[in-house]
Amino acid sequence: MDILWTGVFALLLVGYFALEGSGIGVGMLLPALGRTQPDRDRVVAAMAPFVLANEVWLVAVAGVLFGAFPSIEGEVLSGLYPLVVTLLVSWILRDAGLWFRRRLDGHAWRAGWDWMICLGSYGLALSWGMALVAMAGGLSGPPIGLPGLGGGLVVAAAFAFHGWTFLSWRLPGQVTGASRTGGALLASAGVAALPVAVLLAVLAPWLLEHIAPSATLNVLSVMILPFAPLMLGAQVWVWRTFDPRRAADRIPSFF
Amino acid sequence: MDVLDLARTQFAVTGSLHFLFVVLTLGLAPLVAIMHTRHAMTGRPAHERMTRFWGQIYVINYALGIVTGLVMEFQFGMSWSGLSHYAGDVFGAPLAIETLGAFFLESTFLGLWIFGWHRLPRWLHLACIWLVTLTAYVSAFWIMVANSFLQNPAGAVERGGHLVLTDFGALVTNPMLTMALPHVLGAGLWTGGFVVMGASAYHLFRRTADREFFTGSLRLGVVAAFVGSLVTVGFGYAQFGPVSLFQPDKFNGTPLAGLGLGFMILIGQLLQALIMFVLLPTVYWLPRWRWAHPILMLITPLPFLAAILGWLAREVGRQPWLVHGRLTVADAMSPGLTKGMITLSFVGFVGVLGLLAVVDYLLIARTVRRGPAAVTLGADGPADSTERAHALSL
Ligand code: HEM
């Protein structure tokens, strides 16, 4: 049971980096790849159908952290307080940008929210990198510092690469000028998830040591595992529905 | 204000903001699902327009529900790590089940519903909105399980200085839950019904082109509000039983709790009488009575207000406890929390979310004002010709 729930936690966190890493990367590249408003609209429309299904992995991470590792949850979130604040505010601004950008017609309105998407995406990538470095240092040092910044840049670069690959897969030969296969997208997902996967491998013993008692884990297993096939099925359905080979519709995007 | 007051205020303000959007989500989701069902069954364009118009209002509202919810979820560990230390083995379980077994699915299916127009097969697309509704209700259940545990820590015993889960059945059948959950869901339906009613009254009053559309919507809104009000008031009074058993002095301790309770009941009683004795019996003629429409618009925000007052009563009345009788709010505060940290997050969360909430309501108002013709959710052609060329390639 202990190993199972540590595995679930690791899977969700790695999954978040592998999936949402592309969305964050696309957001970071938005001004660079979308020089004109119609170009930016296409970039956002390309990622839009995946955003809700991707970002929810982090919500699940937080839930499992609370349910299966309650003592770690308090320690990590309060220990990384300023970083968690920047991460959340960045996430909020990025999401607000996506939801709001098309709700008014004015040019300045949409361009302004596009900047919020970009800013929020950078904030997410940098906060993540710094948080990973602080976790690797056992939460002993100050959460924000030079090594952390280095970590932030590494994560930002990995996400940008993943975002670029995603766009080359979803809109082959268009905004990036390149085409990438599903295999290449999988590889770039691996790159985006590598930093957190390494950290998890290092921290696994610490996680196992702090896991909730078996009475709690049993309840989680009984209540959640039956839904696992449905959760995975829904995720697969998203990727099948909005696969570039099927998506040749003439639909304006909601985001 | 000291650190503790700031942390409490931050939680109270973000929580209230979150619930303002959640209460409407809970009410609109089933209404949109019903509209979509009629659309799927009859294929009539009128039903499709209804689904898309009210659906767009639903999703714009949902956006703020998500972002405020994120802050709620992380705030426990940030400011109240004492709670996860003392009671995390019990309190964490319903929250974990909520995120995985409900919200994860809700978000995924909502994405499919929003972006699946004209793309998913008709019945699968319809299934998405029903799954969104179902998982939203399941979500509400688990969140209320967690909250009810704070009101009355059932199913757990203290061992070695912290709570352990001994009886899961008792946790999910907590008497502080069984009456409160239907009360909250009823409040949601009532709120959703009032928003549909008020927005329809606006169009009928302005004599816009969509007379038939809003005649039907107004009637639906009144009926939904009627059903919601019966459930809300019935289970509202039923809550006094468990509350007087587990927290006998709840509403006498602080004036705020008593005030919240009193005004919620006042609003609830007056509106319920109005719905039952006036709006419902006249629902057939109401769309034509132009003089009544401004009144309907004016009372639209009242269920929101009552819902916030209800939470004030429930949560303020629990003070100074975080877990009733076991752990105080002061003891649960994260040890290293400083005034600087909480000020930073207060400005970040309350400031940003407050502004976004205002923007969101303005956008909802604008969507209402522009009417069904301007809806972009599920539109089946590019909005303008510059987009057309690009959309072809998506
Ligand atoms: C005659 C009308 C009403 C009665 C008798 C009533 C009763 C109650 C009681 C006793 C509580 C406190 C429970 C506790 O402290 O544990 C409560 C809470 C609450 N009420 Fe009401 N209420 C009424 C109307 C309303 C209305 C109109 C709304 C909103 C549309 C509403 C929304 C809420 C909410 C959201 C809570 C907090 C959660 C809960 O305890 O259920 N109530 N209500």
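Nothing in this text is a laboratory measurement; each read-out follows from the coordinates by a stated rule. All of these numbers come straight from a predicted model, not from anything done at the bench. Here the Cβ is made from the backbone with ideal geometry for all residues, glycine too, and neighbour counts use every protein chain on show.
Values for this structure:
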| quantity | calculated |
| --- | --- |
| Dipole axis of segment B:317-385 (+1 Lys, Arg; -1 Asp, Glu on Cβ), positive-most option in B:Val359, B:Pro320, B:Thr376 | B:Pro320 |
| Charge dipole magnitude, Cβ of K and R +1, D and E -1 - segment A:1-68, Cα centre, debye nearest 20 | 240 debye |
| Dimensionless Rg ratio for segment A:111-255, taking C-alpha atoms and the 2.2 N^0.38 Å reference | 1.33 |
| Rounded to the nearest 20 debye, dipole of chain A from Cβ charges on Lys, Arg, Asp, Glu | 960 debye |
| Helix-only mean residue ellipticity at 222 nm for the protein assembly as shown, each DSSP H run of n ≥ 4 adding -39500 (n - 2.57), per residue, nearest 500 | -25500 deg cm²/dmol |
| B:Leu327 long-range amide H proximity, modeled H, under 5 Å | B:Leu322 |
| Residue-count net charge about B:Trp130 - beta-carbon cut-off 14 Å; Lys, Arg +1, Asp, Glu -1 | +1 |
| Nearest-ten-degree value, helix B:180-206 long axis tilted from longest Cα axis of chain B | 30 degrees |
| Semi-axis lengths (Å, descending) of the ellipsoid that matches the C-alpha gyration tensor of segment A:2-241 | 31, 21, 17 |
| Gaussian network model of chain A, Cα within-10 Å springs - most flexible of A:Ala157, A:Ala108, A:Ala189 | A:Ala108 |
| B:Met276/A:Leu139 FRET efficiency (R0 60 Å; Cβ-Cβ; nearest 0.05) | 0.55 |
| Rounded to whole Hz, the Karplus (6.51, -1.76, 1.60) HN-Hα couplings of segment B:341-354, x for glycine and proline | 4, 5, 5, 4, 6, 4, 4, x, 6, 5, x, 5, 5, x |
| Degrees, to the nearest 10: B:211-238 long Cα axis against longest axis of chain B | 20 degrees |
| Range of Cα positions in segment B:3-379 per principal axis (Å), largest first | 66, 45, 42 |
| Local electrostatic count at B:Ala96 - Lys and Arg +1, Asp and Glu -1, tallied over other residues with Cβ under 13 Å | -4 |
| Cα gyration tensor shape of segment A:2-57, rounded if a/c is under 1.5, else prolate or oblate by comparing a/b with b/c | prolate |
| Relative contact order computed over chain B (Cα-Cα under 8 Å; 6+ residues apart), in percent | 25 percent |
| Which of A:Leu77, B:Trp311, A:Val236, positive extreme of dipole for the protein assembly as shown (C-beta unit charges) | A:Val236 |
| Dipole magnitude of segment B:151-293, debye to nearest 20 (Cβ charges: Lys/Arg +1, Asp/Glu -1, about Cα centre) | 660 debye |
| P(r), alpha carbons of the protein assembly as shown - 20 Å bins starting at zero, rounded % | 19, 54, 26, 1 |
| Globularity index of segment B:79-152, i.e. its alpha-carbon radius of gyration over 2.2 N^0.38 Å | 1.41 |
| More than 22 angstrom apart: percent of Cα pairs within segment A:175-255 | 59 percent |
| Shape parameters for segment B:191-241, alpha-carbon atoms, Rg then Dmax in Å | 14.1, 50 |
| Folded to 0 to 90 degrees: helix A:37-68 orientation relative to chain A principal axis, Cα | 10 degrees |
| Least to most buried among A:Phe255, A:Phe166 (fewest other Cβ within 10 Å first) | A:Phe255, A:Phe166 |
| Most fluctuating residue given options A:Trp239, A:Trp115, A:Trp128, as computed from a GNM of chain A linking Cα atoms under 10 Å | A:Trp239 |
